1. How much net charge surrounds Gln441 when only the other residues with a Cβ under 12 Å from the Cβ of Gln441 are counted, with Lys and Arg +1 and Asp and Glu -1?
2. Can you tell me how segment 119-211 classifies by the Cα gyration tensor, rounded, prolate or oblate, using a/c under 1.5 as the rounded cut?
3. Per-residue HN-Hα couplings for segment 406-415, Karplus 6.51 cos²θ - 1.76 cosθ + 1.60 at θ = phi - 60°, whole Hz, x for Gly and Pro?
4. Report the net charge of residues surrounding Lys319, where surrounding means a beta-carbon distance below 12 angstrom and charges are Lys +1, Arg +1, Asp -1, Glu -1.
5. Can you spot the aspartates and glutamates whose alpha carbon is less than 12 Å from Lys134's alpha carbon? Ignore those fewer than 8 places along the same chain.
6. Measuring with a 1.4 Å probe in the full set of protein chains, what accessible area per residue, in whole Å², belongs to segment 318-449?
7. Of the listed peptides 218-226, 197-205, what is their order by residue-averaged count of other C-beta atoms within 10 Å, with the highest listed first?
8. Quick one: give the max-minus-min coordinate of the C-alpha atoms of segment 400-447 along each principal axis, largest first, in Å.
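The values are calculated or read from the model by the stated rules, or taken from the named source; none is laboratory data. Only a predicted model underlies this, so the values are computations on that prediction, with no experimental measurement involved. Every residue, glycine among them, receives a Cβ derived from its backbone with ideal geometry; neighbour counts consider all protein chains shown. Accessible surface areas use protein heavy atoms only, side chains included; no ligands, DNA or RNA. Shrake-Rupley method; radii C 1.70, N 1.55, O 1.52, S 1.80 Å.
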Amino acid sequence: MYRLPPRKMSEVNIGKRKEKCENCTKQCNKKQTDDGAGSQQEGDEVNGQVNEGPQLLLSACLSCDGCLSEEESLKISQQSLEEVERVLALNKKCDVTKHKVLVASVCPQSLPYFAVKLGLDINEAAHKLCSFLKSLGVQYVFDTTLAAGFSILESQKEFIQRYRRRHHDSHAMPMFTSSCPGWIRYAERVLGSLVTPHICSARSSQQIMGCLVKDFFSKQQKLSPEKVYHVVVAPCFDKKLEAVREEFYNSLLESRDVDCVLTSGEIYYLMEQRKVSVENLDSVPLDHVLGEAGDAALVRYEGRSSEGFLEHVFKHAAKELFGLDVQEITYKTLKNRDFQEVTLERDGETLLQFAAVYGFRNIQTLVHRMRKGRVPYQLVEVLSCPGGCLSGRGQAESDAGGRTDKTLVQQMEEAYTSMPVCLPEVNPTLHTLYQDWLQGQDSPQAGTLLHTQYKSQTQTHTQPPHMQW
């Protein structure tokens, strides 16, 4: 079981951090070896030949002592099983003033992990997971698909707005997706103002779920937000970094949108530690944010192993901008299977060109092209994990540690694609929440709760004058 190792804090100024991040691959590979954490393998194609070599994990790079402040390190240390168990233990004591209502939100990309590990289909695995979490003392268990729907719809809307102002706004295109916290951290801390104005402002599904739970659901339950302890189960350690961002903390209420992120692997470790027998767990359906009864079938959005931003935005833009109905999307593999592009053409003219860029090596290739002065894409879906969210190292590492368990990932992909695909546009619950919670799709409330801003945390530098998007 992988645990975030303790880090020694060093005082590194922003300039030094940037230099370290830009030139640290060899150093960090050596450091990972010394620390006993292996490196990720990712194929790199050069002149048609695939070279296998050590691949620096973006999350490992950004959680090293050069990039984590002492305050961040302390906050992340609280994102742990021990902290959740501390809250559960307080709930068993007599002082009811310290009791919290525990809510767990499970990412759809985590469910295939439990399906494979428990040897069940994905719906039954979700029910068993729900049963286990409630046996611990969690009162409500949701999945984050609803929140992902909000994020997709807001991203679609923002892309159309950016596209229409592209001729008079140099930062409008390309738009980079914002769902991956590893990518966001790299963009803010290393790439800076070259990239941050291009990042979509829509919050990730995790943080929208945090707002749903702490703002809407807590009011429905007549609870103050600080009385709710919100846990997210995610495939990725980087989600812990996202949860502790300043903008997702309400200082007046002393409450975070997401109090703790636990990886799929950490939850499974807890199941093993407690010697849980799958047969002895009841089949308990997940709860609904609106409180409606019934066991709705699990669904997913389009996409290979993520939340499907590229595919949903591509189809929406084709219809909204050009009146074209796109049924199937064909990916063209470029550098490797984690660097692909999608093109919309009409009468020989290229109308749209999107790219999916996964993994640190491919992100660096994209950045290199940006710095040379030309990126042809209007949208790039960026994920720091090679293979996408299903391959998050909070669930896809082999028991030996350090390397991706390719057999496990393949089984998770099969389980994930077994879920039916739905469109957020036709989800009636989303429409209800837009009205009842947010007072409309274009309301100030929607702008505040569904969006955020990403800012450069590097030394100021300007975009080269020859840069063309």
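1. My count for the surroundings of Gln441 gives -2.
2. The shape class here is prolate.
3. 5, 5, 4, 4, 4, 5, 5, 4, 5, 5
4. -2
5. Partners within reach: Asp282, Asp287.
6. Value for segment 318-449: 48 Å² per residue.
7. The densest-packed peptide leads the list: 197-205, 218-226.
8. 50, 25, 13
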